[in-house]
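Colleague: Attaching a single structure in structure tokens format; questions to follow.
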Amino acid sequence: REIPSNKELERHYSSSWQYTTSRPEICWESAARFISKNWRGADGGKSLDVGSKGESLAIALTRHGLSFSRRGIDPNPTSTSISRGWVGAGVSPTHDLDFISATHVMEHSADPLQFVQDILGMLAPRRLAYIEVPSLELHAEDAGSCDDVNRDHLWHFTCSSLMRLVDRAGGCVAAYEMDRIPKWPVHRLLISHNDAFVADNYVTLKEHKA
């Protein structure tokens, strides 16, 4: 099918059609565990939650010892701490954010490559962004117990396709896992700029690009 334009997507997601049920607490807890386990350096500073529907991830991160200023953007803001906004249509690089998170957002974007480039353009040097998307492999393996593949997902990702995507965007994968959460299997990545920070602090993940 034809990929909608960014304006069409922003208009579509500005309604509250899909947000009647939030993800279970185990999803946020496992994400926070992965991020905190792989975090290097000091926490604090400015953060941005893309596609934010609340503060569930920020609260879970605090329980794991990581705390950031809380700010979110979403086409359909649900609280005063969230601003109306959209990522993936091209942004002017600012390189001023210390942590960016985007959980279950990139699969809805018109252009995942531009989405990752936008994330990296906002991310400060030697800092990390967290991206989480549904796992196509695990949905296919366990279709009987997983949620149906969402018809509004424009893209479906495997481990290898994610590694290639981040590489093409000029970034580097610092940490990765595929998590078999019942009904919510996901890929998780921490990405950064392709510089000495990742080489000095993480085992390279080039083998996943094959």
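The values are calculated or read from the model by the stated rules, or taken from the named source; none is laboratory data. Every value quoted in this text rests on a predicted model; they were computed, and no experiment measured them. Don't worry about glycine lacking a Cβ; one is built from the backbone with ideal geometry, like all the others, and counts go over all protein chains shown.
Colleague: Any residue in region 74-93 that is among the charged types (D, E, K, R), touching a strand residue (DSSP E or B) at 6+ places or on another chain (Cβ under 9 Å) and modelled with pLDDT under 75? Reasoning before the result, please.
Modeller: From region 74-93, those among the charged types (D, E, K, R) are 74, 84; that's our starting set.
From what is left, the residues that are touching a strand residue (DSSP E or B) at 6+ places or on another chain (Cβ under 9 Å) are 74, 84.
Pick out the ones that are also modelled with pLDDT under 75 and you get 74, 84.
Yes, region 74-93 contains at least one residue that is among the charged types (D, E, K, R), touching a strand residue (DSSP E or B) at 6+ places or on another chain (Cβ under 9 Å) and modelled with pLDDT under 75.
Colleague: Spot the failing condition for SER161; the list is (1) in a strand (DSSP E or B); (2) without any contact (Cβ under 8 Å) to a residue 60 or more places away in the chain; (3) of a type in the set (S, T, N, Q), and only one is missed.
Modeller: Evaluating SER161 over (1) in a strand (DSSP E or B); (2) without any contact (Cβ under 8 Å) to a residue 60 or more places away in the chain; (3) of a type in the set (S, T, N, Q) leaves (1) as the failure.
Colleague: May I pose another question? Could you please give the count of residues in region 40-58 that are modelled with pLDDT under 90, under 27 Å from PHE197 (Cβ atoms), among the hydroxyl-bearing types (Ser, Thr, Tyr) and outside any loop (DSSP other than H, G, I, E, B)?
Modeller: 0
Colleague: Does LEU61 satisfy the condition of being within 17 Å of ASP98 (Cβ to Cβ) and assigned to a helix (DSSP H, G or I)?
Modeller: Working: within 17 Å of ASP98 (Cβ to Cβ): yes; assigned to a helix (DSSP H, G or I): yes.
Here the answer is yes, as LEU61 does meet what is asked.
Colleague: Something else: Considering region 111-130 alone, what residues qualify as being hydrophobic (A, V, I, L, M, F, W, C), surrounded by fewer than 19 Cβ atoms within 10 Å (Cβ to Cβ) and either modelled with pLDDT under 90 or assigned to a helix (DSSP H, G or I) (or both)?
Modeller: Step one: list which residues in region 111-130 are hydrophobic (A, V, I, L, M, F, W, C), which gives 113, 115-116, 119-120, 122-124, 128-129.
From what is left, the residues that are surrounded by fewer than 19 Cβ atoms within 10 Å (Cβ to Cβ) are 113, 124.
Of everything in region 111-130, just one residue is hydrophobic (A, V, I, L, M, F, W, C), surrounded by fewer than 19 Cβ atoms within 10 Å (Cβ to Cβ) and either modelled with pLDDT under 90 or assigned to a helix (DSSP H, G or I) (or both), namely LEU113.
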